[in-house]
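Read the figures in this text as sums done on the coordinates, not as results from a lab. Note that the coordinates shown come from a computational prediction; the quantities given were computed from them, not determined experimentally. Backbone-built Cβ (ideal geometry, glycine too); neighbour counts: all protein chains shown.
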Amino acid sequence: MNYVILDLEWNQPVSQDRAIEGLAGEIIQFGAVKLDGEKRVADSFEAVVRPCRYTKMNRYVKKLTGIDEKMLGGGMTFPQALDAFHRWCGEDFALLTWGHDDGPLLKENARLHGLPTDWIAAPYNLQVLFNEQVTGENRQWSLASGLEKLGLAPDDAAHDALHDARSTAQIAARLDLDKGIAGYRDATSALLCADVLASAGFRGLADPAAALEGAVGEIPCPVCGRPLERGEWVEQNGEKRIAMAACPEHGRFFVRLKLWRTGKTFSARRTLCRPDEQIDAFYREKASRARQRAEKRRADGAAGEQAGEN
């Protein structure tokens, strides 16, 4: 069996009012490295993709990747790139990524073009193996931090899909991949939403409270794309929110949201997964605590008003 380390770069809408429902980002670059059974580099793959929906480069993405409209104009169509990648992967391979965004996004883009996705298995998130075998922690790591932790140098510039795939392959070669894959479900049991079905990023949010009920809070079903019926957001702390949502046809989903300030505006990352017993228990506990805090605030407010009247 070979190991395919995949990294994707994708464009985003230039503004949220131009976002397409069910399309968090449109892939503009594939980068992949194939390791053989001995974790030696066997081959690499690269493709620039000409977008058909988000055709104008998002200013932030352009600055981050160095990719502009002229470069994209000479790229493949997405169906051409995905077919080439599929043939390059071969039959017997495990798909590995650094983080959980690339797998859902690849399927999302394939569905956009009406292409089959049954061959795209859920990727193994190398950060899970990295935590299990290197750090012993339960946290997310940037690719640069992971390389630094192992004393490795990055492969050229970051945020180029092939360079990032090569850097990720350096980390993968230091891990016991067979052991990590065999115990992957056990290793992810402590991580809520380890098997992410959909992930979406948002930038330039002027009012995060309004966005929670607007673009960020309007969530498409990761299966059919129809709007989910979402419950109230439950605040975990100042940055994080969770919620339950449901599709009449495809069932329940657990939603996690993280907000952070970027200059004068806010950014957000929203992920969806299927709830299990652990997630249901976690949600009930957090929702109960949120209700208790709200009741205490109301009681304190009423007591303050009564004291003021006296």
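The stretch between M1 and I20 holds 3.1 nm of extra length on full extension. This uses 0.36 nm per residue minus the Cα-Cα distance.
So what is the relative contact order of the chain, in percent, for Cα pairs below 8 Å that sit 6 or more residues apart? Walk me through the numbers before you get to the answer.
On the way: 499 pairs, mean separation 48.0, N = 310.
Normalised by residue count, the contact order of the chain is 15 percent.
Per-residue Karplus couplings for the range 143-152, computed as 6.51 cos²θ - 1.76 cosθ + 1.60 with θ equal to phi - 60°, are listed in order as 4, 4, 5, x, 4, 4, 4, 9, x, 9 Hz, Gly and Pro entered as x. Peptides 25-32, 133-140 ranked from most to least packed by the mean count of surrounding Cβ atoms within 10 Å: 25-32, 133-140.
The length gained by stretching the chain between E232 and D156 to full extension, at 0.36 nm per residue less their Cα-Cα distance, is 22.9 nm.
One quarter of the surface of the convex hull around the alpha-carbon atoms of the range 40-170 equals 9.0 nm², the direction-averaged projected area. Taken as Cα centroids, the range 47-109 and the range 201-227 sit 23 Å apart, rounded to the nearest whole angstrom.
Near the amide H of C221, within less than 5 Å, lie the amide hydrogens of R226, L228, all on another chain or at least 5 residues away, with H placed in the peptide plane. Over the chain, dividing the summed -39,500 (n - 2.57) contributions of all DSSP H runs of at least 4 residues by the number of residues returns a 222 nm mean residue ellipticity of -10500 deg cm²/dmol.
Amide hydrogen proximity for Q236: with H placed 1.01 Å from N in the peptide plane, the residues at 5 or more positions away or on another chain lying under 5 Å are R241, I242. Inter-label distance, D68 to W119: 3.6 nm, where each label sits 7 Å from its Cα along the C-beta direction.
On full extension, the segment bounded by Q80 and F282 gains 68.4 nm, given 0.36 nm per residue less the C-alpha separation.
How much of the DSSP bridge set in the chain is antiparallel, in percent, rounded to the nearest 5? Present the calculation step by step, with values, prior to reporting the outcome.
Numbers: 45 of 52 bridges.
If I count the DSSP bridges inside the chain, around 85 percent turn out antiparallel.
Listed by chain and number, the lysines whose C-alpha is less than 21 Å from the C-alpha of K70, apart from same-chain residues fewer than 8 away, are K56, K62.
Annotation: amide H-H contacts under 5 Å for A198 (H modelled 1.01 Å from N, sequence separation of 5 or more, or interchain): L272. Note on K286: lysines with a C-alpha under 28 Å away, same-chain residues under 8 apart excluded, are K240, K258, K296.
For a straight C-alpha distance cut-off of 12 angstrom, the aspartates and glutamates reachable from K39 (same-chain residues fewer than eight places away being disregarded) are D176, D178.
In order along the range 42-55, the Karplus-derived 3J(HN,Hα) couplings, from 6.51 cos²θ - 1.76 cosθ + 1.60 at θ = phi - 60°, round to 9, 5, 9, 9, 8, 8, 8, 10, 7, x, 10, 10, 8, 7 Hz, and Gly and Pro are given as x.
For the range 68-125, what relative contact order do you get, as a whole percent, if you take Cα pairs closer than 8 Å and at least 6 residues apart?
Numbers: 30 pairs, mean separation 23.4, N = 58.
That works out to 40 percent.
Summary value for the range 93-174: 26 percent relative contact order, contacts being C-alpha pairs under 8 angstrom separated by 6+ residues. With Rh defined as the Kirkwood radius, the inverse of the mean 1/r over Cα pairs, the Rg/Rh of the range 66-120 is 0.99. Per-peptide packing, taken as the mean over residues of other Cβ atoms within 10 Å, places 121-130, 255-264 in the sequence 121-130, 255-264 from highest down.
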